[in-house]
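Since the structure comes first, as structure tokens, the remarks are kept for the end.
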């Protein structure tokens, strides 16, 4: 394949993964109770993948190693939160393997790529915990390795991996007590499967069934959880020459927990929960130049999560809306309407980025509603929206907005 075709293929796949994550962002946020119940895992995963999309938009065609490096760097620099940083290493593991290939992707190469992703993810976490997205990526790698010798098309393999991933996510409460006590599955693992669902739909050309519908956590145990020992989620990038990852990690470990330091000698991404973000940043500036600083008050985030879940009705909605929107401002308008009731799903698209029928079907079925209204908001999207309405498992009507 040429550099042009490789780049367009990757752009399409990452765009499909982003669309799938976006339809489940709020649901995954609500599941988030580990490592702290700050309710932002879906958002962090979505923003991390969106950073890859943005990075690829300005990437020039080139050889596969250069493209793989661009994808891995975009993921690293754009990683948000604990889950996003781990996802960046999953992306890096996949990219490093695929960069070495010269032909198409087959089951054997897929297995090697997922094993590379699993190994990179486990290396990123100083004290790996089972029942998290680490367990899910490992089980996906193991399943791909079991199927590596088969001659099934890549799309069929990915569809089967989605099903296996759903089973792996369903088992996470058996592996992690905090999930079992709260009555939820792991949010990071659930997000990873939604990302894979988007990839599988794009490669196979078929609309994959949405994740099994689940009501937002409504019990006291799931909503009112103990806050993090530390207050601030602190994330930043250190750039420099000959950076000492292990040394910086050892120093940062004294300041808090949930520590993840990943990257290479020229750029390190740091994530740490601490009461003293200033000291963490000082360690970064002593090592190199810092940028991309993000500090979030996790206690405030948890309070917002509790208020949101306390207001969310647990009953299935009568109707819901799927809206295709272009631009961050439009997205925020629609998402603001979605937050109180959870019956609006936003799909990225517009004049030059039309979502597929599969993406729209997935969004319709993720509504957890008896019926759906689809707003294409662009004449170029209308045909895909009509096809999606025909294929969805619930009654859906397209309002031809443009």
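Quick notes
- When the criteria are applied in full, residue 136 fails the requirement of being at pLDDT below 95 and buried (at least 17 other Cβ atoms within 10 Å of the Cβ).
- On inspection, residue 294 qualifies as modelled with pLDDT of 85 or more, touching a strand residue (DSSP E or B) at 6+ places or on another chain (Cβ under 8 Å) and surrounded by fewer than 18 Cβ atoms within 10 Å (Cβ to Cβ).
- Flag for residue 78 being surrounded by fewer than 23 Cβ atoms within 10 Å (Cβ to Cβ) and touching a helix residue (DSSP H, G or I) at 6+ places or on another chain (Cβ under 7 Å): yes
- Listed here are the strands (runs of 3 or more DSSP E) enclosed by the range 341-402 that have at least 3 residues being within 27 Å of the chain's Cα centre (by Cα): 344-348, 369-375.
- Selection count, the range 176-191, where residues are assigned to a helix (DSSP H, G or I), in contact (Cβ under 8 Å) with a residue 24 or more places away in the chain and surrounded by fewer than 16 Cβ atoms within 10 Å (Cβ to Cβ): 1
- Breaking point among (1) in a helix (DSSP H, G or I); (2) out of contact with any helix residue (DSSP H, G or I) (no Cβ under 7 Å at 6 or more places or on another chain), for residue 149: (1)
- Residue 327 satisfies every condition listed in (1) in contact (Cβ under 8 Å) with a residue 24 or more places away in the chain; (2) surrounded by fewer than 20 Cβ atoms within 10 Å (Cβ to Cβ) except (1).
The values are calculated or read from the model by the stated rules, or taken from the named source; none is laboratory data. This one's a predicted model, so the numbers in the text were calculated from it and none came from an experiment. Neighbour counts are summed over all protein chains in view; Cβ atoms, including those assigned to glycine, are modelled from backbone coordinates with ideal geometry.
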